[in-house]
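Data block below; observations after.
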C-alpha cells in the first residue's frame with residue numbers, strides 16, 4: 001500500500017495538492033508506519049524510498065508542493081518514531097531554512113508547527129535533545145520573534161514560545177523580556193485580535209515564570225499575577241473618575257506599563273474597557289492553568305478588585321464638578337464590565353475551592369444585587385445564574401442560606417408562563433351622512449388571539465433551573481414549607497403543561513424539560529421532613545417521560561425512574577420511618593362489679609340432676625354473709641332508678657318442710673324456677689364491666705355508696721356453676737320450704753343498664 005502511494009499519488013507534483021487528503025487518510029487509517037514488529041528488508045526499502053520522495057518535495061520550486069512536503073513530514077513524524085529519529089537533523093535544518101526565508105505564510109505556519117512538534121518530542125529524550133533541540137533552539141527562538149510581526153502567524157508563534165518556555169526554560173530565558181512585551185502588546189486593547197490569538201498570548205504569559213530558577217518560580221508567578229491586578233486598578237482609576245467611590249485603605253499593587261490612553265473619554269473608554277476585559281481573561285488563565293511548583297494566590301487582592309468593580313452600579317453617586325456625559329458613558333459600560341468580572345470570579349472559585357467559604361455572605365450580597373439590577377438583561381442574567389450555581393457548589397450551605405429568598409423569587413419569576421394579552425378592538429369610524437358602521441382600519445387578528453408565552457428566554461430558564469437543582473441539592477432539606485411548596489408546584493406545573501409556550505421551538509422546549517426533570521430528581525432525592533413528598537407525582541412523570549420522542553428526555557426519565565424505584569423498594573427504605581407512639585399505660589384499681597342478667601341476656605338455667613359434661617369445671621365463690629340490718633336499710637334507699645351500679649339479687653335461706661315436693665316440680669320446669677340465682681361470668685362481659693366502672697367514676701359516687709357497695713359485695717354469696725352433674729337427688733330435704741322466687745328480678749327501669 002505504501003508503494004502504491006509513492007508510485008501513483010506522489011509521483012506527479014501537478015495533482016499532489018488534490019491527492020494530499022487521500023494520502024493522509026491512508027497513512028493514518030491503515031497505520032502504514034506502525035512499528036508493531038521488526039521491519040523487513042522490503043519495509044525498510046519502502047521507508048527509505050518514502051524519505052527520499054519527501055526530501056525531493058521539500059526542495060521543489062513550487063510553493064504548494066513544498067507545503068505538501070512539510071505536511072507529509074509532520075504526518076510521518078507523528079506516525080513513526082524510527083523515521084523521526086533517523087531524519088530529525090535533516091528535516092529540522094530544512095524547516096529552519098524555510099522560516100528564515102521569505103516564504104508564503106502557509107509555509108511558515110506549517111514549518112513552525114512541525115518544528116514545534118519535533119522539539120517537544122525530544123524534551124524527555126536526552127540523546128535526541130542534545131543532538132537535535134539544543135543546537136537549533138536559540139536560532140528557532142530568534143526566528144519566532146521575527147515572525148511575530150505578522151499578525152496571521154501570531155497564534156502559532158505564541159504557541160511555540162509557550163512550549164519552549166515549558167520544555168526548554170534555560171534556552172528561553174534570554175528572550176523572556178521580549179516575550180513578555182509581545183504578550184502585553186496583545187493585551188493592550190489598542191487593536192482587535194481574534195480569540196485564538198488572545199488565548200495563546202495568555203498561555204504564553206502564564207508560562208513565563210518557568211524561565212526563572214526553581215527557587216524563584218513561585219514568587220515570579222505571584223508577581224506577574226499581582227501586576228496584572230494592578231493594571232486593572234490603573235484602568236479603573238481613569239474609568240471611575242466621575243464616581244464617588246469608597247476610600248481604599250490598602251495600597252494597590254503596581255501594574256504593567258501599558259500605553260497611555262487619550263484624555264477624551266469618548267476615545268479612552270473603548271480602549272480601557274477592551275484592556276480590562278483582556279487583562280481579566282489573562283488573570284483567569286493564570287488561575288486555571290496548572291503550575292509545576294506550589295504557588296500562593298493573592299486572594300485578598302483579587303477579592304478587593306472584584307468588590308471595587310461590583311460596588312459601582314447604576315445607583316452610584318457622581319462626584320462633584322464632573323462631566324455628566326462621562327458619568328452616563330460609564331453607566332453604559334457597566335454591564336460589560338460586570339460580565340467580564342463575573343468570569344474572573346468564576347475562575348477564582350474554581351481555583352481556590354473551599355478556601356472561599358469565608359467570603360460566602362459577601363458573594364451572596366453581590367449576587368443579590370446582580371439579580372436585582374439585571375432582571376431584564378438576558379446575557380448577564382444567564383451569567384449570574386451560572387455564577388450562583390458555582391458559588392453553591394463551592395461555598396455550600398452558608399451561601400445558600402443568605403441567598404434563599406431572592407433566588408427563589410427570581411427563579412419562580414423566570415419560570416412562569418404568561419398569557420399574551422389580547423389587543424383592544426379598533427373602534428370603527430362612522431361617517432355623518434350614513435348610519436352604517438364601516439371599518440376603515442384593519443384589526444390585528446394575531447394579537448387578538450391569546451397565546452402562552454414564556455416570561456424569560458430559554459437560555460435564562462435553563463440557567464435558572466440549573467441553579468435551582470444545585471440549590472435543592474444543598475439547601476432543599478432546610479427550606480420552609482411554603483418556599484418548598486412553591487418550588488415543587490412550579491416544577492410540577494411546567495411538566496404537566498400540555499401546551500408548550502408558543503415562543504419556544506421544539507428543541508428549546510425539550511432542553512427546558514430536561515432541566516425541569518433534573519430539578520424534579522433533585523427535589524425527590526433531597527426531601528423535606530415536614531412536608532409530603534412529591535415522590536408519587538415524580539414516579540408518574542418519569543414513567544410518562546419514557547414515551548417522549550427526544551433521546552435526552554428518555555435518558556433523564558430513565559435515570560429518575562430508577563432512583564424512584566430504589567426509594568420505594570421494600571428493602572431499601574429512604575428514611576427510617578418513625579415508629580407509632582405507644583399509648584400510656586393506665587393503672588386502675590380493681591373494683592368487682594356484679595351484674596344481674598335480664599331474661600333476654602340470661603343464659604340457659606342450670607338444671608339440677610342433669611349430667612354435666614366432662615370438659616367443664618366448677619367454680620365456687622365463698623358463701624355470702626348476711627348484711628347488717630342498718631346497712632340493708634341504707635341499701636334499699638339507694639336501689640331506686642338513680643342507682644348506677646348493677647346489683648345481684650341476694651339469695652335467702654328458707655327453711656321449709658315442703659322442700660322435697662317443690663324441688664321435684666322445679667326440676668320438671670327448667671325455665672321457670674331455680675334453686676339459686678346463677679350468674680355466669682363470661683369473657684365477653686369484661687368491656688361492659690369496665691364501662692360501668694368508668695360511668696361510676698364519672699358520676700362521682702359518694703363515699704357512702706361506695707361503702708355500701710363494698711359491704712354488699714362482702715355479704716353477697718355468688719355461686720357460679722359452669723356445669724352441673726346430672727345426678728338424681730336422693731337426699732332427704734324434708735322440713736325445708738322453698739318460697740316462690742320472682743325470676744324476672746326487681747321491677748326497675750334501670751335493669752337493662
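The values are calculated or read from the model by the stated rules, or taken from the named source; none is laboratory data. For clarity, every value in this text was computed on a predicted model and none was experimentally measured. For neighbour counting, all protein chains shown are included, and Cβ atoms are generated from backbone atoms with ideal geometry for every residue, glycine included.
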> Only one of (1) surrounded by 14 or more Cβ atoms within 10 Å (Cβ to Cβ); (2) modelled with pLDDT under 95 fails for residue 353. Which number is that?
Replying inline: (1)
> Quick check, is residue 364 part of a helix (DSSP H, G or I) and either in contact (Cβ under 8 Å) with a residue 24 or more places away in the chain or crowded, with 20+ Cβ neighbours inside 10 Å (or both)?
Replying inline: yes
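Here is a yes/no grid of residues against (1) outside any loop (DSSP other than H, G, I, E, B); (2) under 21 Å from residue 91 (Cβ atoms); (3) assigned by TED's automatic domain parsing to the domain that holds residue 92:
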{"site": "7", "(1), (2), (3)": "yes, no, yes"}
{"site": "14", "(1), (2), (3)": "no, no, yes"}
{"site": "23", "(1), (2), (3)": "yes, yes, yes"}
{"site": "27", "(1), (2), (3)": "yes, yes, yes"}
{"site": "34", "(1), (2), (3)": "no, yes, yes"}
{"site": "51", "(1), (2), (3)": "yes, yes, yes"}
{"site": "64", "(1), (2), (3)": "yes, yes, yes"}
{"site": "67", "(1), (2), (3)": "yes, yes, yes"}
> Does residue 132 meet the test of being modelled with pLDDT of 95 or more, crowded, with 18+ Cβ neighbours inside 10 Å, outside the structural domain of residue 269 (by TED's automatic domain parsing) and assigned to a helix (DSSP H, G or I)?
Replying inline: no
> Got a sec? Which of 303, 293, 312, 299 is in contact with a strand residue (DSSP E or B) (Cβ under 6 Å, 6 or more places away or on another chain), over 27 Å from residue 185 (Cβ atoms) and assigned by TED's automatic domain parsing to the domain that holds residue 364?
Replying inline: 312
> So which of 486, 456, 445 is at pLDDT below 90 and in the same structural domain as residue 535 (by TED's automatic domain parsing)?
Replying inline: 456
> Among 535, 492, 521, which is the only one that is buried (at least 18 other Cβ atoms within 10 Å of the Cβ), over 13 Å from residue 461 (Cα atoms) and touching a helix residue (DSSP H, G or I) at 6+ places or on another chain (Cβ under 8 Å)?
Replying inline: 521
